[in-house]
1. Might you let me know whether the stretch 275-289 holds any residue that is under 19 Å from the mean Cα position of the chain (by Cα), closer than 29 Å to L33 by Cβ and assigned by TED's automatic domain parsing to the domain that holds G174?
2. Report yes if T184 is more than 12 Å from the ligand (Cβ to nearest atom) and not hydrophobic (A, V, I, L, M, F, W, C), otherwise no.
3. How about the stretch 211-239: which of its residues are within 19 Å of L65 (Cβ to Cβ) and either out of contact with any strand residue (DSSP E or B) (no Cβ under 9 Å at 6 or more places or on another chain) or charged (D, E, K, R) (or both)?
4. Suppose we filter V54, V21, V100, V78 for residues that are out of contact with any Asp or Glu (no Cβ under 9 Å at 6 or more places or on another chain) and surrounded by 14 or more Cβ atoms within 10 Å (Cβ to Cβ); which single one remains?
5. Please list, ordered by first then second residue, the pairs with beta carbon atoms under 8 Å, 6 or more apart or interchain, first in the stretch 149-178 and open to solvent by 30 Å² or more (accessible area, probe 1.4 Å), second outside any loop (DSSP other than H, G, I, E, B) and of a type in the set (K, R).
6. Just need a number here: residues in the stretch 323-361 that are in contact with a helix residue (DSSP H, G or I) (Cβ under 9 Å, 6 or more places away or on another chain), assigned to a helix (DSSP H, G or I), hydrophobic (A, V, I, L, M, F, W, C) and under 30 Å from Y244 (Cβ atoms).
7. Is it true that L260 is open to solvent by 20 Å² or more (accessible area, probe 1.4 Å) and touching a Pro at 6+ places or on another chain (Cβ under 9 Å)?
8. Filter the stretch 24-49 down to the residues that are among the aliphatic types (A, V, I, L, M) and buried (at least 18 other Cβ atoms within 10 Å of the Cβ) and list them by number.
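The values are calculated or read from the model by the stated rules, or taken from the named source; none is laboratory data. Not measured: the values here are computed from a predicted model. Cβ placement follows ideal geometry from the backbone for every residue including glycine, while neighbour counts extend to all protein chains displayed. Remember, those area values only see protein heavy atoms, side chains included, never the ligands or the DNA or RNA. Shrake-Rupley method; radii C 1.70, N 1.55, O 1.52, S 1.80 Å.
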Amino acid sequence: MIAYEDLKRVNAPFFEEYSTVFQRVLHSGWYILGQEVESFERQFATYCGAEHCVGVASGLDALVLALKQMGFSNGDEVIMPSNSYIASVLSVVHAGLKPVLVEPDIHSYNIDPSLIEAAITTKTKAILVVHLYGQMCDMDAIMTVAAKYHLHVIEDCAQSHGAKYRGKMAGTIGDFGAYSFYPTKNLGALGDGGALITNSSTAAQQIKVLRNYGSSVKYVNDEVGYNSRLDEVQAAFLGVKLKYLDVINAHKRMLASIYLSELKEQFILPVVNDGYEDVYHIFAIRHHDRDRLRGYLLDNGVKTEVHYPISPHQQKAMKGVFTGGGFPIAEEIQNTVLSLPISFAHTEAEVLQVVDVLNKF
Ligand SMILES: *Cc1c(COP(=O)(O)O)cnc(C)c1O
């Protein structure tokens, strides 16, 4: 059986280094907001080419804190894609704002910049873009609309560690890049974690206050803050893994190139565009008979996933949150999309086996 994901195998190459840094943190006696977090923040900012990085508890929190820092009023609107993971939408709801959905492009699966302008109202304050599956959004077009209407831009980079658009790293084009280090992400910890990157020192400082109970001086609280800190142990593990992020991404790109060159025409493959460096967090194909295809793959020893089977506008939790028309493109994607195995632990031989099974469908 070829697993969709095997986190033990993914992390096995780093076990020894993880053990070393774990001993270091253990014996330091300092477990929250110390040298490990500071050091990882510096390394990750440098890796991304951003001025600042602030570690937080999760990708969801990174988005919520970014939105909170911007000081919008309750009911202000945030434009975002109709086909993201629920966390992107939840961040807007938790920040007391109204998510306004815009359909993705059917080829890139990312927000269609040409549809953004029509969704803008007097209440619109920001665009929350999601670089889905490891491919960045068409940022030039998005930044042009944002500039025209003076909107903030937040990049959800939870699936795009190391991805680039016209030479720029994910998260460095908008006001904030929000990252998740959930274990399955390209840069995954051994627990929860997240970070924001930004070029604004004021914003970075405010996020540091917000993540720590709204306090910059111990027991002095100037703001209604949160407890949302990246912990020392996870930061230490992330410092190890960050050194290998380019190797991890190169491996995933190599596996993607096998799928892209070997899969038969009946499958709709991810688009590859000039000027984009994709990191294939997920390798999503589409097929009109997706559920039968998925069952057939399982019968033939290949496990797959669906990202995502229910769009946010169809989730029970989101009842009454969205106004406006239907979202047929999001629904078309949810009904036809299928994620193939493409982790750091998968071998060329395994991917060729998946190809072989798929091409016999
Ligand atoms: C994983 C993910 C998140 C949330 O990250 P957590 O660390 O699980 O909170 C947000 N947005 C997208 C697109 C994601 O894939």
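1. no
2. Taking the combined requirement at face value, the residue does not satisfy it.
3. We begin by selecting, within the stretch 211-239, every residue within 19 Å of L65 (Cβ to Cβ); these are 211-216, 221-231, 234-235, 238.
Across the stretch 211-239, the qualifying residues are R211, S216, D222, E223, V224, R229, D231.
4. Only one candidate passes the filter, namely V78.
5. What qualifies is H152/K125.
6. 6
7. So L260 fits the description; yes.
8. Just the residues of the stretch 24-49 that are among the aliphatic types (A, V, I, L, M), to begin with: 25-26, 32-33, 37, 45.
V25, V37, A45 - these are the residues of the stretch 24-49 that are among the aliphatic types (A, V, I, L, M) and buried (at least 18 other Cβ atoms within 10 Å of the Cβ).
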